[in-house]
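Everything below concerns the one structure shown next.
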Amino acid sequence: MAAQKPLEAEISALMVEVLNLEVPAGDIDPEAPLYGEGLGLDSIDMLEISLAIAKRYGVELRADDDASRQVFASLRNLARHVEHTRAR
Amino acid sequence: MPATGIEPAWLEARERGSPILVRLIVWITRRLGRAPARALLPVVVAYFVVFSVKPRRASREYLARVLDRPPTLADVYRHYHAFASTLVDRVYFLSGRYEHFDVRLHGTEAVEHAMAGGSGCVLIGAHLGSFEVLRAAALSGPRWKVAMLMDNANARKMTRIFAALNPELADDIINVGAPDSLIRAKQRLEEGALLGVLADRLRRGDEAIGCSFLGGTTWLPAGPFTLAAVLGAPVVLGFGLYRGGRRYDVHFELFRERISLPRAERGAAVAALARAYATRLEHYTRLAPYNWFNFFDAWAAPDEGARG
């Protein structure tokens, strides 16, 4: 498993808290898929994550095209997107 | 986390009868128009009443519950005929020929009220009558946009059959199978759309809630109610009942002003919502008993592991 970067650790802690996940936040592989087989999240979980991220970071996640879909592929992509959007 | 291992009865049953019936009726209607298609319905419907064994059994079981007497073959015929009629009309609704019908709207003020805040609301329906008339009525009368959440292979099959009629519709159909599909749904809601979802069929992997319905226990999905809770939007119910001939009665009613729950309390609250919905569903089903278009055993228990 790849190591979590600081923002990834923060977001995985947020996910565990919001979704009541049973995995420790530190055990979430930043490169593994969040949805479906990876962490096993469903589309309602993904919606909840997006709401929590909007609240915490002021970053609104959109679902407009394939590029935006990539954001939800892994914790790493998600954290990268939050970081870039916040910096703007 | 959703319970896994559910094989809902309607997914299990390769409902041979219905998709072929759907295809045939759509084809006839597109080739010949509504009047000739309706003239042919008795023959087509009689054929399917005789040869579709599983759906016929499901129809009889359902009719016995709702009519409270042993159903006759004429009841089963009437049930199939109502289904086939709505398929013919669906071709018309989808191609925007709404004015051919006598559609009466009830309870639109409940939706107006729910949407007074400027954003949309969640519209929960069922495979009862025609959801298509509801969509057409919402668009042509009060000019509400309806985005539909669809969540199974059967719906995709149906969509494919009907897509040729109205390609623009593709935009209004949100497939639940993608990670961002509900984020898309939320965007549509914020744009002021009614977010339509049918809550009377389980899909694979869905958490099942046992609800009392027509004297037995039916298993409804938690998903639509959990979604409504997460979105925190107003929830209305909508049913487009077919009344014979060209007549439809479209009923809307306010279900909940707003559902807002901490995650810890959600499970019990969602189950209560599903049960309340089942009560309303039973009410509308009794209003139009031949409009129940779930031709599978709706009272079959999902796998033991899935009971919640």
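The values are calculated or read from the model by the stated rules, or taken from the named source; none is laboratory data. Just so you know, these numbers come straight off a predicted model, no measurement behind them. Note: ideal-geometry Cβ built from the backbone for every residue, glycine included; neighbour counts use all protein chains shown. Heavy atoms of the whole protein, side chains included, go into the accessibility calculation; ligands, DNA and RNA do not. Shrake-Rupley method; radii C 1.70, N 1.55, O 1.52, S 1.80 Å.
Here are the numbers:
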read-out	value
Averaged over B:93-101, number of beta-carbon atoms from partner chains that fall within 10 Å	0
For B:Val103, residues with placed amide H under 5 Å, excluding near neighbours	B:Tyr248
Å² of accessible area per residue within the range A:6-87, as computed with a 1.4 Å probe and no ligands counted	49 Å²
The protein assembly as shown: mean projected area of Cα convex hull, nm²	19.5 nm²
Accessible surface, chain B, averaged per residue in Å² (probe 1.4 Å)	42 Å²
Sulfur and carbon atoms: percent of accessible area, chain B [1.4 Å]	53 percent
10 Å Cβ neighbours from other chains, averaged over peptide A:62-75	3
Label-point separation in nm, A:Val23 to B:Ala264, each point 7 Å along Cα→Cβ	2.5 nm
The range B:189-205-the range B:23-79 distance, computed between alpha-carbon centres (Å)	27 Å
Buried area at the B-A interface (accessible, heavy atoms, 1.4 Å probe, summed, Å²)	1900 Å²
Excluding exposed DSSP-loop GluC sites (Glu not before Pro) (at most 16 other C-beta within 10 Å), longest clean stretch of chain B	B:1-190
Shielding by partners, peptide B:182-195 (average Cβ within 10 angstrom, other chains)	3
Total lysine pairs under 22 Å (Cα atoms) in the protein assembly as shown, excluding pairs fewer than 8 apart on one chain	4
Centre separation in Å (Cα based) which lies between the range B:240-308 and the range A:1-27	37 Å
Alpha-carbon Rg/Rh ratio, for chain B, with Rh computed the Kirkwood way	0.94
